[in-house]
Amino acid sequence: MSHTERLPRNRTYLMCPPDHFTVEYAINPWMDTTVAVDAGLALKQWQILRETLTGLGHEVHVLDPQPGLPDMVYAANGAFSVDGTVYGALFRHPQRAAEATHHALFYRDGAWTFIDPAQVNEGEGDFAYLPGAYGGLILAGHGFRTESSAHAEAQEILGKPVISLRLVDPAFYHLDTALAALDDRHITYYPEAFSPASQRILAQLFPDAVIADRADAEAFGLNLVSDGRHVVLNAEATAMAAKVEAAGYIPIPVELSELKRGGGSVKCAVAELRL
Ligand code: ARG
């Protein structure tokens, strides 16, 4: 393992408080509509996550939560931005469709070039950006939510090469449950969440990746947010924390037991705004 000093970069994020968070429908294998969510605990955990990010010096914008959109807390799914251009989301499931409009309004209000999507895609849930890899590379997942046609659309809109990766395990239905950027050029991922061909592509492009195992992925340890030095991840993912630490990063565990009931964790709740 390399012990290079890992340098942080100030980030801007978008989050949405879980005011209306419930598990009232099941669109991924983690969601159990028979188990109640602790709304007070969900909000407390979300606030600690937000304070953790601001405490690291990052800016966090907050989106107004909307009644009737219980998954809106998973703000990562609402869009994907690269260098000031925003590729909007088009949700696969009707239960989440209206979330896209609220994200679009946020970007249209600001200094962003917002592009409406024609293809089904769930924003940063299925897209990751590595600005320092190969001059700027987008990794994209398909198989459960985002259509591979959206990968081509994102490439045309964002002007960066998109590497299409096929997800094969329903437990890891979004790219961000199986792979994360640790900094501008390094990733961590759980190989078995991907098709054999996609595993070969990841091994070719990222020979120095931090390799996670099934237990790491099930603890939502890959659903992390990193600023290049500090890696904020689900507290349950202790083995994953040890792996990123051995790779020279500083793990920062946060408790997100309630968000896990909806099938998400740190990264799902945080969209990065890349100007
Ligand atoms: N219940 C949400 C869904 O199934 C969870 C989304 C998690 N977000 C993420 N970026 N992986 O759509």
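Read the figures in this text as sums done on the coordinates, not as results from a lab. Keep in mind that this is a model prediction, so the values were computed, not measured. Using ideal geometry, Cβ is built from the backbone for each residue, glycine included, and neighbour counts are taken over all protein chains shown.
Checking the structure you have, find out if any residue of segment 192-202 is of a type outside the set (K, R) and within 16 Å of the ligand (Cβ to nearest atom). Looking for residues that are of a type outside the set (K, R) and within 16 Å of the ligand (Cβ to nearest atom), one finds at least one in segment 192-202, hence yes.
What residue, among those in segment 129-166 that are in contact with a helix residue (DSSP H, G or I) (Cβ under 6 Å, 6 or more places away or on another chain) and of a type in the set (A, V, I, L, M, F, W, C), is farthest from M31 (Cα to Cα)?
Taking segment 129-166 as the starting set, the residues that turn out to be in contact with a helix residue (DSSP H, G or I) (Cβ under 6 Å, 6 or more places away or on another chain) are 140-142, 162, 164-166.
Next cut, of a type in the set (A, V, I, L, M, F, W, C) only: 140, 162, 165.
On the way: A140: 24, V162: 30, L165: 24 Å.
By that ranking, first place goes to V162.
Considering only residues that are part of a loop (DSSP other than H, G, I, E, B), surrounded by fewer than 23 Cβ atoms within 10 Å (Cβ to Cβ) and touching a residue at least 40 places away in the same chain (Cβ under 8 Å), which ones fall in segment 216-262? Talk me through it step by step, then tell me what you get.
We begin by selecting, within segment 216-262, every residue part of a loop (DSSP other than H, G, I, E, B); these are 219-224, 227-229, 235-237, 247-249, 255-256, 261-262.
Then keep just the ones that are surrounded by fewer than 23 Cβ atoms within 10 Å (Cβ to Cβ); that gives 219, 228-229, 235-236, 247-248, 255, 261.
Within segment 216-262, G228, R229, A247, G248, E255, R261 meet the criteria.
Summed over segment 169-182, the residues that are in contact with an Asp or Glu (Cβ under 8 Å, 6 or more places away or on another chain) and either small (G, A, S) or part of a loop (DSSP other than H, G, I, E, B) (or both) give a count of 4.
Test V35 against the stated conditions and say whether it is surrounded by fewer than 14 Cβ atoms within 10 Å (Cβ to Cβ), within 16 Å of the ligand (Cβ to nearest atom) and among the aliphatic types (A, V, I, L, M). Show your work before the answer.
Numbers: surrounded by fewer than 14 Cβ atoms within 10 Å (Cβ to Cβ): yes; within 16 Å of the ligand (Cβ to nearest atom): yes; among the aliphatic types (A, V, I, L, M): yes.
It is true that V35 is surrounded by fewer than 14 Cβ atoms within 10 Å (Cβ to Cβ), within 16 Å of the ligand (Cβ to nearest atom) and among the aliphatic types (A, V, I, L, M).
I'm checking my understanding of the structure. Among residues of segment 118-152 that are farther than 20 Å from I201 by Cβ and more than 16 Å from the ligand (Cβ to nearest atom), which one is surrounded by the most Cβ atoms within 10 Å (Cβ to Cβ)? This residue is Q119.
Filter segment 17-32 down to the residues that are touching a residue at least 60 places away in the same chain (Cβ under 8 Å) and under 20 Å from the mean Cα position of the chain (by Cα), then identify the one that is farthest from the ligand (Cβ to nearest atom).
Let us first name the residues in segment 17-32 that are touching a residue at least 60 places away in the same chain (Cβ under 8 Å), namely 18, 21, 23, 25, 27-32.
Checking which are under 20 Å from the mean Cα position of the chain (by Cα) leaves us with 18, 21, 23, 27-31.
Details: P18: 11, F21: 10, V23: 8, I27: 5, N28: 4, P29: 9, W30: 8, M31: 6 Å.
Going through the qualifying residues, I end up with P18.
The set of residues in segment 138-176 being acidic (D, E) and touching a residue at least 60 places away in the same chain (Cβ under 8 Å) consists of E153, D176.
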